[in-house]
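The values are calculated or read from the model by the stated rules, or taken from the named source; none is laboratory data. Quantities reported herein were computed from a predicted structural model and do not represent experimental measurements. Using ideal geometry, Cβ is built from the backbone for each residue, glycine included, and neighbour counts are taken over all protein chains shown. Side chains included, ligands, DNA and RNA excluded: accessible areas come from the protein's heavy atoms. Shrake-Rupley method; radii C 1.70, N 1.55, O 1.52, S 1.80 Å.
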Amino acid sequence: MEIKVKYHADIHPLEKTETGDWIDLRAAEDVELKAGENKLISLGVSMKLPDGYEAVIVPRSSTFKHWGIIQTNHMGVIDNSYSGDNDVWMFSAYATRDTLIEKNDRICQFRIQKKMNEVTFKTVTYLDAPD
């Protein structure tokens, strides 16, 4: 699968490691946060995802330990409609302590997955009995 990427900052390019299924994303700016502050941190990239796919963004396992930030929406989802030249990916961070995030710090990760099939719901009286 080939993904078109537009960079909006001078950051290290994306790379997929052979041993992991997730791809690291980097802060595209220096960010200083005081405890209790939140900010949308630019990740410096826009991508054109293939039809039928979406990206899921979550913190790296070391993000809280290193910077004391948590992702305010707990998981970011980007569908392929957010794929314009100016649709810059962001990380919504909340600081639990004073912290400094520097440009190119790997603060989160993403993976690309197929979108869920169309779903319909049927109301029933019992889940384990025939209708």
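Which count do you get for residues in the range 108-131 that are among the aliphatic types (A, V, I, L, M), assigned to a loop (DSSP other than H, G, I, E, B) and under 34 Å from the mean Cα position of the chain (by Cα)? Residues in the range 108-131 being among the aliphatic types (A, V, I, L, M), assigned to a loop (DSSP other than H, G, I, E, B) and under 34 Å from the mean Cα position of the chain (by Cα): 2 in total. Of all positions in the range 27-37, none carries a residue that is modelled with pLDDT under 95, open to solvent by 70 Å² or more (accessible area, probe 1.4 Å) and over 15 Å from the mean Cα position of the chain (by Cα).
Tyr7 fulfils the conditions (1) in contact (Cβ under 8 Å) with a residue 40 or more places away in the chain; (2) out of contact with any Cys (no Cβ under 7 Å at 6 or more places or on another chain) except for a single criterion, (1).
Of the residues Asp98, Asp79, the single one that is acidic (Asp, Glu), closer than 26 Å to Asp30 by Cβ and surrounded by fewer than 16 Cβ atoms within 10 Å (Cβ to Cβ) is Asp98.
Among residues that are of a type outside the set (Gly, Ala, Ser), open to solvent by less than 50 Å² (accessible area, probe 1.4 Å) and closer than 18 Å to Met1 by Cβ, Pro59 is not included. Looking only at the range 79-107, residues that are part of a strand (DSSP E or B) and either at pLDDT 95 or above or touching a His at 6+ places or on another chain (Cβ under 9 Å) (or both) come to 11 in all. Is it the case that Tyr126 is loosely packed, with under 15 Cβ neighbours inside 10 Å, farther than 22 Å from Thr17 by Cα, of a type in the set (Ser, Thr, Tyr) and free of Cβ contacts under 8 Å to residues at least 24 places away in the same chain? Yes. State whether one or more residues within the range 30-47 are among the acidic types (Asp, Glu), assigned to a strand (DSSP E or B) and closer than 23 Å to Glu2 by Cα. Within the range 30-47, none of the residues are among the acidic types (Asp, Glu), assigned to a strand (DSSP E or B) and closer than 23 Å to Glu2 by Cα.
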